[in-house]
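Beneath this line is the structure, given in structure tokens, with notes to follow.
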Amino acid sequence: MIQDVNIFDHNKDEEMIELPLLASRGVVVFPHMVIPLLVGREKSIEALEIAMLEEKEILVTAQKDETVEEPGSEDIYEVGTITQVKQLVKLPNGMIKVIVEGIKRGRILEFTKEKDYFAVKVVAYEDESKEADMEIIALMRTVIDSFQEYVKYNRHLPAETMMSVANIEEPGRLADIIASHLELKFKNEQELLEAIEVKERLTRLLDIISDEIEILKVEQKIQRKVKKQVEKTQKEYYLREQLKAIREELETDQDGGEVGEYRQKMEEHDLPEKVALKIKEEIKKLGKTPAMSPEATVIRNYLDCVLDLPWGKVKEENMNIEESERVLNEDHYGLEDVKERILEYLAVRKLAPDKKSPIICLIGAPGVGKTSLGRSVARALQRDFVRISLGGVRDEAEIRGHRRTYIGSRPGRIINAMREAGSKNPVFLLDEVDKMTADFRGDPAAALLEVLDPEQNSEFTDHYLELPFDLSRVLFITTANVAYPIPSPLLDRMEVIELSGYTEDEKIEIAERHLIPRILDEHGLNEQRIDFSANGIVKVIREYTREAGVRSLERKLSAITRKVSREIVEGRERKARIITQNIEKYLGVPKFKYEKSGNEHRVGVATGMAYTQSGGDILDIEVSCVPGKGKLILTGSLGEVMKESAQAALSYIRSKQKRLKLPADFHEKNDLHIHVPQGAVPKDGPSAGITIASSIASALTGRAIRGDFAMTGEITLRGRVLPVGGIKTKILAARRAGLKKIILPEENKNNYDELNSKTRRNLEVEFVDHMDNVLELVMMDRGNHESI
């Protein structure tokens, strides 16, 4: 609150009187203002009764905080209005309604009584009666003009208000009466009341009115805008109601062309009853929705999606088994297990056309032809082919879709792929099913359970469609590099076919039949310009690639072809013949050594066979025995299962202490360090158990292990050798490394017998059921080794 101290300095000539005081809450009374007040507090009622009894005037002063129920002298403003009580009425509830008229300003000098009621000594201020100067006259006119504009914008003030103001000549009275008509904040009202000097009062009033006019202009602008919008909405409502009545009368639809087109599309499809009812409901809703509204766009997108699906369209498939077998053999060499399963499926389909399709899962190393095999199956069956990659998918909505309540919602990948296929019975390839992950958005593998369950997928429900779609006639083929990341419930629903790596002979056939013709075509060459010899291909396979599949082989052959293409462009005229002697010219020095040194028998080093995501591999497991306190140190990025295998192998060796002629306290005075090279590559699994045990026995006894043996098998504490997986893949890895002597668990004999003759050719395989047999085969006599 702005106060000028000089204004309130008491002048001896000013009138000083003693009056009762009425404290008002949230109300400022101006001089010349008649206002009703409702009084309920005991002190205020007593002050009114004293004023009426003694026929006195009463000072009405606002309290600073209207929430204070019993104000004291410090809670009341110093400046108020001396008023005369015009009327007093006692109400039934004990309160008093009083009408007062403001006479002049008064300033409290001191409180003379506070107990029963407030009584104060007051100095009264009369407005100056001398003739107004030119500045005050100008201010009066400006205030009147501004107030006139205020009345024009304020609809709560009647037009007659200006008539009561226009004829006032006294500047102080003019300011007070105009202030009493304004809708001001309590703070601004009190400031005007405390402006004793007329010029200051008029100036402040003019500023306040100007601010209020600007606020009223903005309010009026907003009201016009709202009114216009309301009128527009009402107009649209009336038009829609009229249009609705016209439609009902004429039995037509809004935008009949669009709605009629959707109805025609619906009639062209052989839709299930539930689907037809849902589409009719959506078309009807579209007809009642304004064409430009967002809801209409959502409905159109939904109808387009539903009507694009192949609800009743089934593509006729090739049931000729001989023709299908020819196509499969034409596209892929080898992979007999998969081809046989597809032909069996065809035979069953021919005898029982209505039976559900199987769910096939192809598990194998990269580059063995899993994805291309899916395309080949579709071509053999003459079905449509669709593929979706699941690698890195972590959101359940990617499979099941998003609900239509979300902005930008869309169907899941399964339904989108079926739209793309255009038929109800495509070959559907779900690639990299082992690469899915789960997070807070859900588990996509769980969503696939319904898709890949023949008992459930006849009514697969996408969240976007909210309609059951039949997937039972789809031939699902999934692919993965390894089985263990796939959740057990999902794996249980699929028929797993393992694709082991290719043998060297198979790779040569694949290169000659498929890779080289495709590469020559891609590089604009033919057999008259370049020729790959069989020995040249063998050298590339052995010394420049080490893989289960043929991707690296294809890249190396492409590299040779590119270099020959450049030679031809630079002027080469003779036919390029790729043979063993000139491979290094095109590919540089060999990357791998083919023949493993089988005569290098070493102490503490045994050769194991491993199964990895990229196929089989050969691992040298090294053990070093050093003086210590019996610690077992394991390095080489080993997983928990492999560490436990090492513990079990050590326990077995300790149990054979006498037979191996070891000191009784050898485990207390020596530390064993087991290391598996390629330390940056994570390794896990139990199949290295017998290899670790052999290395430990060799390191402790000083007897070398034969370097021409590769082995695999899980070991128990009692020394039993248990079966392991990936036999074919591991044997192929041993062949690639040039190892011909292999040790396998006895219980894996059936897996070995299932291998074709080419894979088993020239191999010497020993089947063992106990670790004692392994040690007898691989441990050499002391001193009978070439290097340690």
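Bridging of K227 to aspartates and glutamates at a Cα separation below 17 Å is possible for E219, E236, once same-chain residues fewer than 8 apart are set aside. When you filter the trypsin sites (Lys or Arg not before Pro) in region 633-722 for DSSP loop state and at most 12 other Cβ atoms inside 10 Å of their Cβ, you are left with K658, R659, K661, R718. Using a probe of 1.4 Å, the accessible surface attributed to F767 totals some 50 Å² when neighbouring protein chains are kept in position. The stretch between L243 and I17, if pulled fully straight at 0.36 nm per residue, gains 73.6 nm over its current Cα-Cα span. Here the relative contact order of region 139-209, from alpha carbon pairs under 8 Å that lie six or more residues apart, stands at 43 percent. The angle between the Cα long axis of helix 42-53 and the longest principal axis of the Cα atoms of the chain comes to about 20 degrees, rounded to the nearest 10. Only one of (1) 162; (2) 211; (3) 404 was calculated from the structure for volume of the Cα convex hull per residue in Å³, and its label is (3).
Note on D531/V496: beta-carbon distance plugged into 1/(1 + (r/R0)^6) with R0 of 41 Å gives a FRET efficiency of 0.50.
Note on L184: accessible area is roughly 30 Å² with a 1.4 Å probe, heavy atoms of protein only.
Against the criterion of solvent-accessible heavy-atom surface with a 1.4 angstrom probe, T233, T712 sort, most first, into T233, T712.
Counting only aspartates and glutamates at least 8 places from K575 when in the same chain, those with an alpha carbon closer than 16 Å to its own are E527, D531, E567. Averaged over its residues, the chain has an accessible area of 52 Å² per residue, based on protein heavy atoms and a 1.4 Å probe. Our analysis of region 554-707 gives Rg over Rh at 1.23, with the two radii drawn from alpha carbon positions and Rh computed by the Kirkwood formula. Taking a point 7 Å from the Cα of I137 along the Cα-to-Cβ direction, the residues of region 162-203 with backbone N closer than 15 Å to it are 169-171.
Gain on full extension, evaluated as 0.36 nm per residue between L343 and S409 minus their Cα-Cα distance, stands at 19.7 nm.
For the chain, averaging the sequence separation of C-alpha pairs within contact (under 8 Å, six or more residues apart) and dividing by the residue count gives a relative contact order of 8 percent.
Which order do you get for M52, M292 if you rank them by accessible area with a 1.4 Å probe, largest at the top? Mind showing how you got there, number by number?
On the way: M52 95, M292 180 Å².
Order by accessible area, largest first: M292, M52.
Modelled this way, with points 7 Å down the Cα-to-C-beta line, the labels at E466 and L109 are 8.3 nm from one another. Solvent-accessible surface (1.4 Å probe) assigned to S637 amounts to roughly 50 Å².
With 24 Å as the limit, write out which pairs from K593/K749; K563/K591; K86/K121; K370/K758; K656/K749; K280/K356 have Cα-Cα distances beyond it, or answer none. With Cα atoms farther than 24 Å apart: K593/K749; K656/K749; K280/K356.
Within 10 Å of each candidate Cβ there may be at most 14 other Cβ atoms; applying that plus a DSSP loop requirement, which trypsin sites (Lys or Arg not before Pro) in region 115-204 survive?
On the way: sites: K115, K121, K130, R141, K152, R155, R173, K185, K187, K199, R201, R204; in loops: K115, K130, R155, K185.
The qualifying sites are K115, K130, R155, K185.
For region 528-651, the relative contact order is 27 percent, taking Cα pairs closer than 8 Å that sit 6 or more residues apart in sequence and dividing their mean separation by the residue count.
In order along region 351-356, the phi-based Karplus estimate (6.51 cos²θ - 1.76 cosθ + 1.60, θ = phi - 60°) of 3J(HN,Hα) comes to 7, 9, x, 8, 6, 6 Hz; Gly and Pro are listed as x. Placing a label point 7 Å from the Cα of V123 along the Cα-to-Cβ direction, the residues of region 75-94 whose backbone N falls under 13 Å of that point are 79. Secondary structure note: in the chain, about 60% of the DSSP beta bridges are antiparallel. Counted over region 540-686, the DSSP beta bridges are approximately 75% antiparallel.
Taking a straight line from the alpha carbon of K683, these lysines sit under 18 Å away, with near neighbours fewer than eight places off in the same chain left out: K643, K730. With every protein chain in place and a 1.4 angstrom probe, the accessible-area ranking of V681, V122, V589, largest first, reads V589, V681, V122. In this label model, L38 and R155 are separated by 2.6 nm, measuring between points 7 Å along each Cα→Cβ vector.
Distance from the alpha carbon centroid of region 396-451 to that of region 92-151 works out to 79 angstrom. What is the helix-to-structure angle for 134-153, meaning the angle in degrees between its Cα long axis and the longest Cα principal axis of the chain, kept from 0 to 90 and rounded to the nearest 10? Once rounded, the angle reads 60 degrees.
The values are calculated or read from the model by the stated rules, or taken from the named source; none is laboratory data. Worth saying up front: this structure is predicted, and the values here are computed from it rather than measured. Cβ coordinates were reconstructed from backbone atoms using ideal geometry, including for glycine residues, and neighbour counts include every protein chain displayed. Please note that ligands, DNA and RNA were not included when accessible areas were found on the heavy atoms of the full protein model with its side chains. Shrake-Rupley method; radii C 1.70, N 1.55, O 1.52, S 1.80 Å.
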